[in-house]
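The values are calculated or read from the model by the stated rules, or taken from the named source; none is laboratory data. Owing to the predicted nature of the structure, the values given are computational and were not obtained by experimental measurement. Don't worry about glycine lacking a Cβ; one is built from the backbone with ideal geometry, like all the others, and counts go over all protein chains shown.
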Amino acid sequence: MHVAALHTPSQIQLNQHGQLKHFLTIEGLSKQTLTKILDTAHSFINDQNQLVTTPILQGHTVMNLFFENSTRTRTTFEAAAKRLSANVLNIDIARSSTSKGETLRDTLWNLEAMAADIFVVRHSSSGAAHFIAETVCPNIAIINAGDGRHAHPTQAMLDMLTIRRETKKPFEQLSVAIIGDIKHSRVARSDVSALQTLGCKDIRVIAPNTLLPFGFDEYGEGVRLFNNMEQGIRDCDVIITLRIQNERIHSPALSSQSEFYKLFGLNQARLALAKPDCIVMHPGPMNRGVEIDSSIADGPQSVILHQVTNGIAVRMAVLALSMQGQLQEKGLIEAISV
Ligand code: NCD
């Protein structure tokens, strides 16, 4: 039997002019494309550090399809689409006709027939966004808002924007530590990939062995593994803490949450080992007293809430750039050139 191979992410994510068409994963995108996203996001923040509102996507329709829970990601996509003057529809999946036996394919085709231009998709299955872009709705721009434990590309880009704006140093000069549940985290995967593409040479992954993926070497260049917090965190410029993804853990990976906090929780004594101006990040939702101490989450080195605001700018950039081809045809492209 012949099975047609799925296109690789880089082939499917770009149009024939090399412009972003779908945004499914960081893998396969060039430094130039990631920098374009960061520069475009930056252009949506004014000199007073406020997000702008622009008519770039007036007349376009963005549909939020969240098959899995979310607060920050769904709301910031909605805020981003509104700041670009798009129409936004939040589809209530739990109450949609899929619960009456309609297939996902039929639901999506019906939504497409309602004149959607962009689907923002979150799904618990790895590969869901790719599948929709490849085989169900290739003419709609598909933005992956998190698929299983695979990828969360807009989170990675908002993390990169936050690092760039807060450290004001080139990625080549930064030491970045990512701590916690690497195995089940789509954020860790996408962050590592974005850091590598942007030139970061010192990426430290800090976790107990039970929370590391099998064959850890797959992360490749520039990535070092530490099982010890004190060693891993020393002299780093950026710390990214991660939540333990209990919803994706089906057999015990930890003796207890308090044991995790004791060995891998970010507390003041450990933070003092990093550079004095080290920034602390977390994608949220955060479990205080498990992966991070409250005094750090609310302290002067925390940029966790800046990440949320930068998330709107990055999502504006990705939404606008995914429509670039269409805008160009209408002669509107200068509106998003940076
Ligand atoms: C992350 C996610 O959903 O993958 N959160 C987010 O998008 N803000 C991380 C998490 O759920 O822990």
Only one of 58, 50 is at pLDDT 95 or above and over 23 Å from the mean Cα position of the chain (by Cα), namely 58
Out of (1) assigned to a strand (DSSP E or B); (2) surrounded by fewer than 21 Cβ atoms within 10 Å (Cβ to Cβ); (3) of a type in the set (Gly, Ala, Ser), what's the single condition that is false for residue 146? (2)
Answer yes or no: is there a residue in segment 279-286 that is in a loop (DSSP other than H, G, I, E, B), away from the ligand (no atom under 16 Å from the Cβ) and not assigned by TED's automatic domain parsing to the domain that holds residue 69. no
How many residues are away from the ligand (no atom under 16 Å from the Cβ), buried (at least 17 other Cβ atoms within 10 Å of the Cβ) and part of a loop (DSSP other than H, G, I, E, B) if we restrict to segment 38-72? 4
State which residue pairs qualify: first residue in contact (Cβ under 8 Å) with a residue 60 or more places away in the chain and inside segment 225-244, second residue within 16 Å of the ligand (Cβ to nearest atom) and assigned to a strand (DSSP E or B) in any location, beta carbons under 6 Å apart, and separation of 6 or more residues or different chains. 239/280; 240/178; 240/281; 241/179; 241/266; 241/292
Residue set 118, 142; condition touching a residue at least 24 places away in the same chain (Cβ under 8 Å), away from the ligand (no atom under 16 Å from the Cβ) and within 13 Å of residue 61 (Cβ to Cβ); output residue 118
Tell me which residues, restricted to segment 78-89, are within 16 Å of the ligand (Cβ to nearest atom) and not charged (D, E, K, R). 79, 80
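If a residue must be surrounded by fewer than 22 Cβ atoms within 10 Å (Cβ to Cβ) and away from the ligand (no atom under 16 Å from the Cβ), how many such residues does segment 121-139 contain?
Summing the residues that are surrounded by fewer than 22 Cβ atoms within 10 Å (Cβ to Cβ) and away from the ligand (no atom under 16 Å from the Cβ) in segment 121-139 gives 7.
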Only one of (1) surrounded by fewer than 17 Cβ atoms within 10 Å (Cβ to Cβ); (2) within 20 Å of the chain's Cα centre (by Cα) does not apply to residue 323, and that is (1)
Considering segment 16-30, residues that are under 22 Å from the mean Cα position of the chain (by Cα) and loosely packed, with under 13 Cβ neighbours inside 10 Å, and then whichever is modelled with the highest pLDDT, we arrive at 30
Listed residues 154, 75; which is crowded, with 20+ Cβ neighbours inside 10 Å and within 16 Å of the ligand (Cβ to nearest atom)? 154
If you take the residues in segment 165-194 that are assigned to a loop (DSSP other than H, G, I, E, B) and within 16 Å of the ligand (Cβ to nearest atom), which one is nearest to residue 50 (Cα to Cα)? 185
Identify, from the list 274, 320, the residue that is assigned to a helix (DSSP H, G or I), away from the ligand (no atom under 15 Å from the Cβ), in contact with a helix residue (DSSP H, G or I) (Cβ under 8 Å, 6 or more places away or on another chain) and modelled with pLDDT of 95 or more. 320
Looking only at residues in segment 206-243 that are of a type in the set (A, V, I, L, M) and part of a strand (DSSP E or B), which one is nearest to the ligand (Cβ to nearest atom)? 240
Does residue 203 satisfy the condition of being assigned by TED's automatic domain parsing to the domain that holds residue 168, within 16 Å of the ligand (Cβ to nearest atom) and modelled with pLDDT of 85 or more? no
Considering only residues of segment 227-250 that are of a type in the set (Asp, Glu) and modelled with pLDDT of 95 or more, which is nearest to residue 269 (Cα to Cα)? 230
Hey, does segment 1-11 have a residue that's closer than 16 Å to residue 144 by Cβ, within 16 Å of the ligand (Cβ to nearest atom) and aliphatic (A, V, I, L, M)? no
